[in-house]
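Below is the structure I would like to discuss, written out as structure tokens.
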Amino acid sequence: MTAEDILSNEDFKKCVEGKPLKDLFSIKTSHVAVPPKAMIEPSRLCEWCGEPTMVSKLIETDGRYMCRECSDHDYRPVAE
Ligand SMILES: [Zn+2]
């Protein structure tokens, strides 16, 4: 592709303006596999940062339940 092949916004506008949508788009039926619904669980606050975290995602460290982010760091902000 050369620089001449690339249309400017003005050139593009001239190409599509006034054309019927059926000439601009191809509409087809498609089939997409929908992923299963997310599991809904109650949240509990991380004992360090206070972020509501899904209970099954909390990590117990030294007897405290923390979100993954707080659990992964040696340094943690002081919980207020
Ligand atoms: Zn946290």
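All of the numbers you see were taken from the coordinates with simple rules; none came from a lab. Predicted model only: the values in this text are computed from it and were never measured. Cβ atoms come from the backbone with ideal geometry, glycine included; neighbour counts cover every protein chain shown.
Relative contact order for region 1-76: what is it in percent, counting Cα pairs under 8 Å that are at least 6 residues apart?
Across region 1-76, relative contact order equals 16 percent.
Give me the lysines in straight-line cross-link reach of residue 57: C-alpha distance below 25 Å, same-chain residues under 8 apart excluded.
Straight-distance partners of residue 57: 37.
Please compute the modelled spin-label separation between residue 13 and residue 69, points set 7 Å along Cα→Cβ, answer in nm with one decimal.
Here the answer is 4.3 nm between the modelled labels.
Pop out the ³J(HN,Hα) list for region 16-33 in order, Karplus 6.51 cos²θ - 1.76 cosθ + 1.60 with θ = phi - 60°, rounded to Hz; leave Gly and Pro as x.
9, 4, x, 7, x, 4, 5, 7, 9, 10, 10, 9, 9, 6, 10, 10, 10, 6
Amide H of residue 53 versus every other amide H placed in the peptide plane: which residues, excluding those fewer than 5 positions away on the same chain, fall under 5 Å?
Answer set, sorted by chain and number: 44, 45, 46.
Non-local amide H neighbours of residue 65 (under 5 Å, H modeled in plane, Pro and chain starts lacking H): which ones?
47
OK, next. So what are the ³J(HN,Hα) numbers for region 51-68, from phi and the Karplus equation (6.51, -1.76, 1.60; θ = phi - 60°), rounded to whole Hz, Gly and Pro as x?
6, x, 9, 4, 3, 5, 9, 6, 10, 7, 9, 6, x, 10, 9, 10, 6, 4
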